[in-house]
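Right, one structure below, let's go through it.
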């Protein structure tokens, strides 16, 4: 079985200004590196439908979803928070981003692919039950997890978030849901600043500015891998943020492509042991365009190892 690469042209239509780092160019950079690496000829391609409104309700309060849907402007921008804005095509992009994650879960759970990567935007891991934050409108990976548990009656889903920013939205949504083991590594203290205490199934991994490859690998090995193994997930979801790369000036980590390859290989080993290799990964951060494209390629190679 193959890796399926899922995206949609509409995800490139969310554009809130040339100065905003969450740019359509991010997807172009990934596609360019996919072609340059030769992976474009190895992966299969998938194109999603828009998520249905009831999918959004799996992770978000109905009042919040309805408010966002009613806020989309015909022109100009409407800000949901200081960093997160809607323009005329933003909801279209966001619904395809969630829809990509729904399709990815279906593909791996039904056996037509072993792994899936969703090259989508806007990202999702800062979006809480009832709040947009940090460029994120709807929480793509959270919807995917709830959909997998509902549609396929899964009892144990692991979500691993290695974005340089804490996945506060995902923690908020699953804090009381012990069916989900959530592992989030991030720079601390740093945005979003509201890091929760975690609990037995929310494994926060705060790391200091300047964290390098050795630091990252040691921390993940010591804090996550045994607990993920003991949890024995039936599906692994990944919030794949690449803004910890040393070329990315959005944060202060010193990671390189091989670090993303390494963590992806480790997750693949766990998936092979517990859930038939099933992994769904979705794009979160990563704003240095060349580094982003190279890191995604490394991530995909690790998942396919």
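The values are calculated or read from the model by the stated rules, or taken from the named source; none is laboratory data. None of the values given here were measured: they were computed from a predicted structure. Don't worry about glycine lacking a Cβ; one is built from the backbone with ideal geometry, like all the others, and counts go over all protein chains shown.
Assorted remarks:
- Test result for residue 160, in contact with a strand residue (DSSP E or B) (Cβ under 6 Å, 6 or more places away or on another chain) and either within 24 Å of residue 245 (Cβ to Cβ) or modelled with pLDDT of 95 or more (or both): yes
- The set of residues in the range 21-41 being in contact (Cβ under 8 Å) with a residue 24 or more places away in the chain and out of contact with any helix residue (DSSP H, G or I) (no Cβ under 9 Å at 6 or more places or on another chain) consists of 21, 22.
- Of the residues 293, 210, 286, 276, the single one that is part of a loop (DSSP other than H, G, I, E, B), touching a helix residue (DSSP H, G or I) at 6+ places or on another chain (Cβ under 6 Å) and modelled with pLDDT of 95 or more is 286.
- Counted residues, the range 268-305 - those being closer than 11 Å to residue 34 by Cα and without any contact (Cβ under 8 Å) to a residue 60 or more places away in the chain: 2
- Complete set of residues in the range 44-64 that are in contact (Cβ under 8 Å) with a residue 40 or more places away in the chain and over 19 Å from the mean Cα position of the chain (by Cα): 44, 61, 63, 64
- In a residue-by-residue description of the range 176-187, the property of being farther than 25 Å from residue 266 by Cβ, in contact (Cβ under 8 Å) with a residue 40 or more places away in the chain and either surrounded by fewer than 24 Cβ atoms within 10 Å (Cβ to Cβ) or out of contact with any strand residue (DSSP E or B) (no Cβ under 9 Å at 6 or more places or on another chain) (or both) applies to no position.
- Residue satisfying condition, being surrounded by 19 or more Cβ atoms within 10 Å (Cβ to Cβ), touching a strand residue (DSSP E or B) at 6+ places or on another chain (Cβ under 8 Å) and over 21 Å from residue 6 (Cβ atoms), within set 270, 292, 237: 270
- Restricting attention to the range 213-234, the residues that are part of a loop (DSSP other than H, G, I, E, B) and surrounded by fewer than 16 Cβ atoms within 10 Å (Cβ to Cβ) add up to 1.
- Here residue 59 passes the criteria (1) within 28 Å of residue 150 (Cα to Cα); (2) surrounded by fewer than 22 Cβ atoms within 10 Å (Cβ to Cβ); (3) out of contact with any strand residue (DSSP E or B) (no Cβ under 8 Å at 6 or more places or on another chain) except the one numbered (2).
- Search result, residues across the range 32-56 that are assigned to a loop (DSSP other than H, G, I, E, B) and surrounded by 19 or more Cβ atoms within 10 Å (Cβ to Cβ): 43, 48, 50, 51
- Among residues of the range 76-120, those that are closer than 20 Å to residue 299 by Cα and part of a loop (DSSP other than H, G, I, E, B), counted: 2
- Of all residues in the range 13-31 being farther than 16 Å from residue 89 by Cβ and not in a loop (DSSP other than H, G, I, E, B), the one that is nearest to the chain's Cα centre (by Cα): 30
- Some residue of the range 114-126 being at pLDDT 95 or above and out of contact with any helix residue (DSSP H, G or I) (no Cβ under 9 Å at 6 or more places or on another chain): no
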